[in-house]
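S.K.: Got a structure for you, written out below as structure tokens; questions coming shortly.
None of the figures in this text is laboratory data; all of them are computed from the coordinates on show. This is a predicted model, so every value here is computed, not measured. Cβ atoms come from the backbone with ideal geometry, glycine included; neighbour counts cover every protein chain shown.
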Amino acid sequence: MALVHHAGKLLTTGEVGWPFELDPRDLSTKGAFGYGGKLGPTMTAHPKIDPDTGRMHFFGYEFLKPGLTYYAADPKGVLDTVSPIAVDAATMIHDFAVTDRDAVFWIGPVVFGADAKNPNPSIPFHWDPSGPSRVGVMPLDGSGADIRWADVPLGFAFHGLNAHREGDDVVVHLHRLEQAFGPKGDLVPSHLTEWRIGTGGAQLTVAERRVTDREMDLPTIDRRHLGRANRHGWFATTTSVDAEHGFELKGICHLDLQTGEEDVWDPGPDRRSGEGFFVPTGDDEGDGFVLTYIWDRRTDRSSLGIFDAQAMRRGPVAEVELPVRVPFGFHGLWVDDADL
């Protein structure tokens with residue numbers, strides 16, 4: 001589940017279904033929100049708000065049949081783009097990316113259905129390596145009929161960091177896994193990967209490279225640079241399934257995409273942090289703080305950790321001690337008072 005604040009509304013989103021509107025004063029639930037009946041049956045968890053236009057781009061997919069729909073809402077919250085995209089299979093599509101002129105969708109072979117290939121019939125989706133692994137690029141605010149597809153190496157990606165244009169190339173950074181919900185289990189290593197998608201020819205081309213060997217996921221950026229070239233990213237690092245306590249979220253890594261330098265906060269053996277969220281305080285990209293919950297297994301209590309985004313390895317500059325443990329969740333949000 002994730003939160004998004006757009007056009008004065010605070011919405012929770014999930015994998016499928018409609019978002020729910022919350023009252024930002026006390027987080028009470030106002031009810032399901034369907035854009036006045038214009039929204040189809042589903043909306044996923046990762047909308048993108050263009051920092052220049054204020055338009056929010058998002059999508060929904062179906063799981064009982066092949067179905068994918070691209071949406072966009074104007075800065076006042078009016079849903080003015082509803083565009084179906086033809087797909088051949090009912091697959092999980094958790095995230096996507098935008099540039100200042102493109103919407104980018106990636107599809108991996110996590111398919112829906114309780115068939116003989118599903119090793120765990122208690123869940124409705126499973127890894128099927130014969131399914132699709134591809135990426136598609138379509139015009140932002142355009143028609144799904146104009147999407148162009150290219151095959152990519154077999155794998156899956158839950159989360160993207162960002163995307164931007166470089167001439168005819170669309171550059172996407174995302175977290176690639178060898179498989180998901182398959183024979184290797186659910187907790188497989190995730191690596192930040194770059195796809196350079198050439199759009200200038202009759203067919204799309206894709207060049208793939210791994211950005212870092214560090215195992216990490218759950219990225220955050222300075223969202224003022226969403227859809228544009230960005231230098232900074234922050235990620236939750238993970239432990240191995242063979243570690244003392246098994247697979248866990250561990251610390252936070254700041255990666256400089258220009259220099260490749262990794263600035264990592266390692267909390268030690270007894271503390272674990274969740275996903276970070278970047279909050280800007282200055283005009284320059286990356287000038288701000290990263291917020292995350294920190295759990296101490298010795299006390300079984302949590303704190304809110306506040307980090308200088310450019311000096312992660314120094315540890316928190318402040319912590320707000322909490323009286324209980326806050327279970328790690330996903331995809332938090334910071335909303336300034338002035339925006340409420």
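S.K.: Given Cα pairs under 8 Å that are at least 6 residues apart, what percent is the relative contact order of the chain? Walk me through the intermediate numbers first.
M.R.: On the way: 878 pairs, mean separation 32.9, N = 340.
For the chain, the relative contact order is 10 percent.
S.K.: Okay, next question. When only C-alpha pairs under 8 Å and at least 6 residues apart count, what is the relative contact order of segment 22-126, in percent? Provide the component values of the computation, followed by the final result.
M.R.: Working: 174 pairs, mean separation 17.5, N = 105.
The value is 17 percent.
S.K.: Related question: How big is the Cα convex hull of segment 118-192 in projection, averaged over all directions, in nm²? Intermediate results must be reported in sequence, preceding the final value.
M.R.: Values: hull surface 26.2 nm².
Spelled out: convex hull of the Cα atoms, projected over all directions, averaged, 6.6 nm².
S.K.: Taking the simple approach of a point 7 Å from Cα along Cα-to-Cβ for both D146 and L340, what is their distance in nm?
M.R.: About 4.0 nm, to one decimal.
S.K.: Starting at 0 and stepping by 20 Å, how many percent of the alpha carbon pairs of the chain end up in each bin?
M.R.: Using 20 Å bins, I get a P(r) of 30, 62, 9 for the chain.
S.K.: Moving to a separate point now. Which value, in Å³ per residue, describes the convex hull spanned by the Cα atoms of segment 1-92?
M.R.: Details: hull volume 8.9 nm³, N = 92.
About 97 Å³ per residue, rounded to a whole number.
S.K.: Let me ask you something else. So how far apart, in nm, are the two label points at T29 and D88 if each is 7 Å from Cα heading toward Cβ?
M.R.: Reported label-point gap for T29 and D88 is 3.9 nm.
S.K.: Over the Cα atoms of segment 214-340, what radius of gyration and what Dmax do you get, in Å?
M.R.: Final numbers for Rg and Dmax: 14.5, 46 Å.
S.K.: Another one. For segment 60-95 and segment 225-281, write down the distance between their C-alpha centroids in whole Å.
M.R.: Result: 30 Å between the Cα centres.
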